[in-house]
Amino acid sequence: MKLATTLRTALKELELPPMWLAVFAALGWAVGRLIPLPIPYADVAGWGLVALGLVISGLAAGQMVLARTTFIPRRQPARLVTSGIFALSRNPIYLADVLILSGLLLIWDALFAAPLVPLFMLWITHRYIKGEEAWIAAAHGAEYAQYCARTRRWL
C-alpha cells in the first residue's frame, strides 16, 4: 500500500507539461513521417515559432523566479505575477509550448497533425490550468479576478 502511494506520488511529479508536449510532438512527428505535406518556407516559419516559444518560456520562467514564486505546475504559487509577459497571457509558458508544438509540426511537414495543437491546448487546460486558476483565485481573490478581466488565458 505504501509503495503504491509512493509510486503514484512519484509519477504525479514526473507528469508535467513538457512530458505532454513531447507526447504530442512525437505524434506529430509520426504523422509527418507517414503522410508528409511539405509547404514552401515551412521550416523557416517553424523554427521561428520554436524560437519564439523558447524566448517566451524563458521570459516567463525568469519573471516568476524574480518574483520568488514557482513555475512548477501543481505547486501553490506564492505571488501573482501580472506584468511583463504575463500582461499578454495568463499562461505564457503553456502558450510557449503551443508555439513550439506548432513550429515542430511545420518543420516536420506534419500539417495533417495540426488538430493536435488545439487538442494539446484542451488537454493542458483540463490537466493543469483549471486547477492552477482555482488555487490562484482562492489565494488572490479580487486581484486575480481583475487580472482575468484584462488578460486572456492564452492570448
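The values are calculated or read from the model by the stated rules, or taken from the named source; none is laboratory data. All of these numbers come straight from a predicted model, not from anything done at the bench. All Cβ positions, glycine included, derive from the backbone under ideal geometry; neighbour counts span all protein chains shown.
SER89 fulfils the conditions (1) farther than 23 Å from GLY48 by Cβ; (2) of a type outside the set (Phe, Trp, Tyr); (3) touching a Ser or Thr at 6+ places or on another chain (Cβ under 9 Å) except for a single criterion, (1). Would you check if there is a residue in region 88-97 being farther than 13 Å from TRP154 by Cβ and outside any loop (DSSP other than H, G, I, E, B)? Checking region 88-97: not a single residue is farther than 13 Å from TRP154 by Cβ and outside any loop (DSSP other than H, G, I, E, B). When region 77-90 is limited to residues that are of a type in the set (S, T, N, Q) and surrounded by 14 or more Cβ atoms within 10 Å (Cβ to Cβ), the one that is nearest to HIS140 (Cα to Cα) turns out to be THR82. Counting only residues that are aliphatic (A, V, I, L, M) and outside any helix (DSSP H, G or I), which one in region 10-50 is farthest from ALA96 (Cα to Cα)? It comes out as ILE35.
Scanning region 106-125 for residues that are of a type in the set (A, V, I, L, M), surrounded by 15 or more Cβ atoms within 10 Å (Cβ to Cβ) and part of a helix (DSSP H, G or I) gives LEU106, ILE107, LEU111, ALA113, LEU116, VAL117, MET121, ILE124. Which of the residues spanning region 100-153 are touching a residue at least 24 places away in the same chain (Cβ under 8 Å), touching a helix residue (DSSP H, G or I) at 6+ places or on another chain (Cβ under 6 Å) and under 12 Å from LEU80 (Cα atoms)? Answer for region 100-153, where residues must be touching a residue at least 24 places away in the same chain (Cβ under 8 Å), touching a helix residue (DSSP H, G or I) at 6+ places or on another chain (Cβ under 6 Å) and under 12 Å from LEU80 (Cα atoms): ILE136, TYR144.
Candidates LEU80, LEU52, LEU27, LEU37: the one that is within 15 Å of the chain's Cα centre (by Cα) and in contact (Cβ under 8 Å) with a residue 12 or more places away in the chain is LEU52.
Of all residues in region 55-71, those satisfying the criterion of being in a loop (DSSP other than H, G, I, E, B) and either free of Cβ contacts under 8 Å to residues at least 12 places away in the same chain or buried (at least 22 other Cβ atoms within 10 Å of the Cβ) (or both) are ARG68, THR70. All of TYR128, TYR94 fail the test of being among the hydroxyl-bearing types (Ser, Thr, Tyr) and buried (at least 21 other Cβ atoms within 10 Å of the Cβ), apart from TYR94.
Exactly one of (1) within 19 Å of TRP135 (Cβ to Cβ); (2) surrounded by fewer than 19 Cβ atoms within 10 Å (Cβ to Cβ); (3) modelled with pLDDT of 95 or more is unmet by ARG74. Its number? In the conditions (1) within 19 Å of TRP135 (Cβ to Cβ); (2) surrounded by fewer than 19 Cβ atoms within 10 Å (Cβ to Cβ); (3) modelled with pLDDT of 95 or more, ARG74 misses (3) alone.
What do you reckon, is SER102 under 28 Å from ALA26 (Cβ atoms), over 11 Å from the mean Cα position of the chain (by Cα) and of a type in the set (S, T, N, Q)? Yes, satisfied.
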